[in-house]
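What follows is a short report on a single structure.
The values are calculated or read from the model by the stated rules, or taken from the named source; none is laboratory data. Every value quoted in this text rests on a predicted model; they were computed, and no experiment measured them. Cβ sites come from the backbone with ideal geometry, for glycine too, and all protein chains shown count toward neighbours. For the accessible areas, the whole protein counts, side chains as well, though only heavy atoms, and no ligand, DNA or RNA atoms are used. Shrake-Rupley method; radii C 1.70, N 1.55, O 1.52, S 1.80 Å.
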Amino acid sequence: MIQNKVITDEMLGELRKRIRESMSSFRLAHTLGVEEMAARIGGIYCPDKVNLLRAAALLHDITKELSPSAQKRIFAKHGVEMSRDVENAQPTQHAITAALEIPELYADFADGELIGAVRYHTTGRENMTLTEKILYLSDYIDFTRTYSDCKALRDMFWNADVAGMTERERLIHLNKVILKSFDLTVIDLIENGRMVSADTINARNSLMLEIKNQTKQDK
């Protein structure tokens, strides 16, 4: 699998055409919203990776509308065992199946960093990369999201002068917003009697330590 693959505007245009033909209008609107949010955030945090983030956003939900049985078939096709944790958190399965399918169905975008962002866009993980964080947050706060938690997180992120911050301040801000998203997600899952992914717990704990280490410099 290639790292640091060059993704051109022309490639993105062709990818959008394919995506438009394979999604419902609802899913497409969300996908394009995530693309724009990822580009906007990426333009501040990592301008050199905006096209990679755009591509990851376009691909992040390519298997979202498949049935649970179709999700399982993709796991089996790629020889990947579905853990009990994943099996009991069905809404997170599409992130894994999308990551598995990209090298086969969208070979031009088989970039390791891109696939990692797609793989963890629903749950997060321990020691998330910057691109993983940006896609995760973009999926949570894109402007098609109308849930109160999504709107609150969107306001929390954008009501701050992100562009005017120092690099360290921006990273702390991003981490704090994502930590809040994990808290909201865990609370919602518990209140609705649903399982919490181990990846999400590990991501939250890892991010708490990262923020603690970042803010030590202020004391």
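Where does each of Leu137, Leu100 land when they are ordered by accessible area, with a 1.4 Å probe and the largest first?
Working: Leu137 0, Leu100 40 Å².
These residues rank, largest area first, as Leu100, Leu137.
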Practice prompt. Describe numerically, in nm with one decimal, the distance between label points set 7 Å from Cα along Cα→Cβ at Ala107 and at Glu21.
Written response: 1.7
Worksheet item: In bins 10 Å wide, starting from 0, what share of all Cα pairs of the range 24-181 does each bin hold, as a percent?
Response: 11, 40, 35, 12, 2
Worksheet item: Which aspartates and glutamates have a Cα lying under 20 Å from the Cα of Lys151, excluding residues fewer than 8 positions away in the same chain?
Response: Glu35, Glu36, Asp139, Asp142, Asp161, Asp183, Asp188, Glu191
Worksheet item: Which listed residue (Tyr120, Ile190, Ile211) has the Cα farthest towards the positive end of the charge dipole for the chain, taking +1 on Lys and Arg C-beta and -1 on Asp and Glu C-beta about the Cα centre?
Response: Ile190
Worksheet item: So what is Rg over Rh here for the range 54-145, counting just Cα atoms and using Kirkwood for Rh?
Response: 0.94
Fill in: Extension gain (nm, one decimal) between Ser83 and Asn213, 0.36 nm per residue minus Cα-Cα
43.6 nm
Item to complete: Considering Cα pairs under 8 angstrom that are at least six residues apart, work out the relative contact order of the chain and quote it in whole percent.
Response: 22
Response to the item:
GNM of the chain, Cα pairs under 10 angstrom: of Ser206, Ser138, Ser25, the biggest fluctuation goes to Ser25
